[in-house]
1. With each label point set 7 Å from Cα along the Cα-Cβ vector, what nm distance links Leu217 and Glu351?
2. Please work out which option in (1) 1.07; (2) 0.99; (3) 1.03 gives Rg/Rh (Cα atoms, Kirkwood Rh) calculated from these coordinates, and answer with its label.
3. Could you list, in their original order, any pairs among Lys107/Lys135; Lys315/Lys368; Lys315/Lys335 whose Cα atoms are separated by more than 25 Å?
4. What dipole magnitude, in Debye to the nearest 20, does the chain give about its Cα centre under +1 on Lys/Arg Cβ and -1 on Asp/Glu Cβ?
Amino acid sequence: MPFLPSEIWQYDSINRSAAPSMFAEKHHPDHLLPEDLDLYLSKGWYRMGQTIFTTHFLSFDARFYSAVWVRLPLEDYEFSKSLRKIMRRNSTHFRTCVAPGSLNKEKETLYQKYRGVFPGILSASLQDSLLDGGKRNIYNTYEITVYEGRKLVACSYFDLGVTSAASILGFYDPEYSAHSLGLYTMLAEINFCMQQGMSWFYPGYVVPGYHRFDYKLRIGEVEYFDLRSDGWLPYAGMSETPLQTMERQSERLHQLLKSVRLPSRMMHYPLFEANLFGFWDAPYLEYPAFVLCAAPPRDNGYIIAVYDVRDAQFKLLRCSPFDDAGFYLSDAFLKNFSPEHFFVELLVVQETLLQSSNPEFIALGLHKLRALK
């Protein structure tokens, strides 16, 4: 078998550098200063009700995608000709207002009308969406409202930091869909932020390959948050999403293991966002794609191999099932995923056995584990 010499195993057996931040995480602050919001946004975080969270992978209809956070630099920004046309046409036809955010029956009625035709999941009420059903708001929220005469036809909410703002929620009367009011309210938010001298506008994430979010790319030359560098790069220069990189490198390892007759299975893992959904605090497995290895399980667990896009490392992990997963996971959710291609046990990482940028080290590590059988 074409393994590397054993002294390489001894040299590269474990990298004890600090672990990277989680792919999915949620905080519950009691209060949030504007400068704190700036910092969160700059790291690819975003508001969810009265919490703030980040995630970098998504699943829709049993398909997996990368959530790519984007932002628009406002210094020297100019609206394109097509965007100016939308703004000019709508500002002529409608009355547009900017004010501190508030809730009322009129906005709730419009929200419910929009929710009735929205091709996805929205919170049951506007108050649930923005305030988690309560009354207290830890964010400095502003609103854009659009009227035809006295009739409210569109509304959006955005949060202000010191140097940045985040677009949170927009909705409009479906009867006015020809007016691009969802995009128009976002453009009005950008215009207001420019007038306030802000540096960054954050519209949330886009999902390459899932076009529902592509409208956010129409606002201009956005940057994206890069997991590898932990910074922002021009979106136009992104050649591969983090998920595509993870899948490609995992498949590379899978093929290597096959070539040296080490059984393995390429799997997708729909429970990668366990950190967001109120489970007990534990080191849940957070990789949406991995290689299930046929190494001897210890303590009724699993040996799996992952590729971490944050540090460009292959990692060999020992994982165990989370005993109380059935309390959280419904059969209706799990039945959407075929066990042939999806791993649907909730896993907790017990230890990192080996990590390396070289997949042959992982193969060698598995070979040694088999030898200990």
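Only the coordinates and a few stated rules stand behind these numbers; no lab work does. Since this is a predicted model, take the numbers as computed values, not measurements. With ideal geometry, Cβ positions are generated from the backbone for all residues, glycine too; neighbour counts draw on all protein chains shown.
1. Here the answer is 4.5 nm between the modelled labels.
2. Derived directly from the coordinates: (3).
3. Distance filter (> 25 Å) returns Lys315/Lys335.
4. Result for the chain is approximately 860 debye, rounded to the nearest 20.
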